[in-house]
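The values are calculated or read from the model by the stated rules, or taken from the named source; none is laboratory data. Here the structure is a predicted model, which means the values were calculated and not measured. Cβ coordinates were reconstructed from backbone atoms using ideal geometry, including for glycine residues, and neighbour counts include every protein chain displayed.
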Amino acid sequence: MDAAATIDVELVTALVADQFPQWSQLPISQVLPGGWDNRTFRLGDELSVRLPSSEGYVLQVEKEQRWLPILAPQLRVPVPEPVGIGQPSERFPFPWSVYRWLPGHAASADLIAHDAAFAADLGDFLADLQRADASGGPLPGAHNFSRGDSPAVYDAQTRQAIEALGDTIDAAVVGEVWDAALSTRWQAEPVWFHGDVSEGNLLVDGGQLAAVIDFGTSGIGDPACDLVIGLTTFRGDAREAFREHRELDADTWARARGWAIWKALIVAAGMAGSHSPETEARKARRTIDAVIEDHLASN
């Protein structure tokens, strides 16, 4: 079931009244722009409500509820704090969450692309996350669309996209990028990763990294997927600062290029859902060019 079309202020008001009557008098407003996987609403001044937009994201609810309180004390930047979990009901068929409200606004590429201090802070946060105790953590799987596994899980899809795009891309070099990504594996023990380190999941307050949100694709495994922002967003000194503060080897960066180019290829080929297909396709082609440039510079 795709519940996204039915998630609105009226629904959230009814859900809160049913299951959390102590908060039923608080004003509710939708947080915009909305996310793809979930819909978020502000509940009063100090809380937020987050509902999965479809069944494919349901497993992420319990995961965040369980692991965020364990991870938070090990991290230098705030992350969402669960304070309640809503149960499936006749009104809404999936579990949902109530969190503490985190101040700040979503970052934008224009804001952070050349900000070396921001890039360093993010790199340090991700290094903290990688060092966090991974005992019993969730391995890659359906709950996070195989983030933390090898990019090879998307080999067939990637090669289909390369064929579909034909001579509109440099297929030979793209193939080199992809083959390099598949040629190695993470050799150490599984470590924590976020899985979707993108501008929309980084909150900025006073020009600084204020919080990291949306751990729906998190898990333990290969942290290469968390390096993608260093290829797609950061530029110049910011990219170098991010690399320096992550301190991961060339093979891990090669797999990061694989994750980045896989997503860009399927978006450019029209094989992935999107809020605004034309805008996302243009961004995807810029990412393909950036990954190629980074690949060539690394060889």
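Take Ala238 and decide whether it is among the aliphatic types (A, V, I, L, M), part of a helix (DSSP H, G or I) and either crowded, with 19+ Cβ neighbours inside 10 Å or in the same structural domain as Gly123 (by TED's automatic domain parsing) (or both). Judged against the criteria, Ala238 is a match. Please indicate, with yes or no, whether at least one residue in segment 110-123 is under 17 Å from Val228 (Cβ atoms) and at pLDDT below 95. Among the residues of segment 110-123, not one is under 17 Å from Val228 (Cβ atoms) and at pLDDT below 95, which makes the answer no.
For segment 21-38, the tally of residues that are at pLDDT 95 or above and buried (at least 18 other Cβ atoms within 10 Å of the Cβ) stands at 2.
Listed here are the residues, each with its yes/no results for (1) closer than 30 Å to Leu102 by Cβ; (2) buried (at least 17 other Cβ atoms within 10 Å of the Cβ).
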| residue | (1), (2) |
| --- | --- |
| Ala188 | no, no |
| Ser198 | yes, no |
| Ala211 | yes, yes |
| Asp222 | yes, yes |
| Glu293 | no, no |
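Restricting the first member to segment 146-171 and to residues that are touching a residue at least 60 places away in the same chain (Cβ under 8 Å) and among the basic types (Lys, Arg), and the second to residues that are surrounded by 15 or more Cβ atoms within 10 Å (Cβ to Cβ) and assigned to a helix (DSSP H, G or I), the beta-carbon pairs closer than 6 Å and six or more apart or on different chains are Arg147/Cys225. Of the candidates Leu265, Leu209, the single residue that is in contact with a Leu (Cβ under 9 Å, 6 or more places away or on another chain), over 18 Å from Gly35 (Cα atoms), outside the structural domain of Val49 (by TED's automatic domain parsing) and assigned to a strand (DSSP E or B) is Leu209.
Taking (1) at pLDDT 95 or above; (2) assigned to a helix (DSSP H, G or I) in turn, Leu203 satisfies each apart from (2).
Here's the yes/no breakdown for (1) outside any loop (DSSP other than H, G, I, E, B); (2) in contact with a strand residue (DSSP E or B) (Cβ under 6 Å, 6 or more places away or on another chain); (3) free of Cβ contacts under 8 Å to residues at least 12 places away in the same chain:
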| residue | (1), (2), (3) |
| --- | --- |
| Asp110 | yes, no, yes |
| His114 | no, no, no |
| Ala120 | yes, no, no |
| Gly123 | yes, no, no |
| Ala134 | no, yes, no |
| Gly137 | no, yes, no |
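When we screen Arg50, Arg42, Arg76 for residues that are in contact with a helix residue (DSSP H, G or I) (Cβ under 9 Å, 6 or more places away or on another chain), modelled with pLDDT of 95 or more and surrounded by fewer than 19 Cβ atoms within 10 Å (Cβ to Cβ), the only hit is Arg76.
Scanning segment 73-91 for residues that are in a loop (DSSP other than H, G, I, E, B) and out of contact with any strand residue (DSSP E or B) (no Cβ under 7 Å at 6 or more places or on another chain), we see that the one that is nearest to Thr13 (Cα to Cα) is Arg91.
If the condition is being aromatic (Phe, Trp, Tyr) and closer than 17 Å to Gly216 by Cα, then segment 50-100 contributes Tyr57, Trp67, Phe94, Trp96, Tyr99.
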